[in-house]
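Take a look at the structure set out below.
The values are calculated or read from the model by the stated rules, or taken from the named source; none is laboratory data. Please read these numbers as outputs of a predicted model, since none were measured by experiment. In this analysis, Cβ positions are derived from the backbone assuming ideal geometry, glycine residues included, and neighbour counts consider all displayed protein chains.
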């Protein structure tokens with residue numbers, strides 16, 4: 001039992017040290033990120049090889065640590081862990097500009113459609129209020 005207790009104490013201490021150093025990364029849907037994929041290529045030293053691929057776009061969040069990303073507008077989706085992602089700090093990448101503009105246009109169209117629908121509903125409710133309503137039978141006998 002003494003050995004198990006010593007091992008558990010060592011694990012707890014290591015976890016506490018790790019948790020102090022770790023920084024929680026938060027990404028939202030639509031954010032651009034770098035995807036860490038180390039590759040070994042023949043004839044090149046590892047330190048001269050680019051380990052990050054991207055920029056990739058986050059399509060959806062599965063849970064706190066797993067995300068679905070796309071490497072390009074026409075590529076398939078991949079499920080990746082948050083440890084493999086780092087934030088992309090530049091403007092929208094050229095290969096994604098058309099896609100982002102199209103999404104913004106869709107959002108704008110939805111917004112205008114909702115506003116038009118609200119205006120129509122306001123007009124309809126105003127027409128109903130202007131119609132004369134019959135008095136109830138109970139108020140006529142009082």
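Data table
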item	result
Selection within the stretch 71-97 - surrounded by 11 or more Cβ atoms within 10 Å (Cβ to Cβ), part of a helix (DSSP H, G or I) and over 14 Å from the mean Cα position of the chain (by Cα)	84, 95, 96, 97
Hey, residue 63 farther than 16 Å from residue 92 by Cα and at pLDDT 90 or above or not	yes
In the stretch 54-70, residue nearest to the chain's Cα centre (by Cα) [restricted to those that are loosely packed, with under 13 Cβ neighbours inside 10 Å and part of a strand (DSSP E or B)]	60
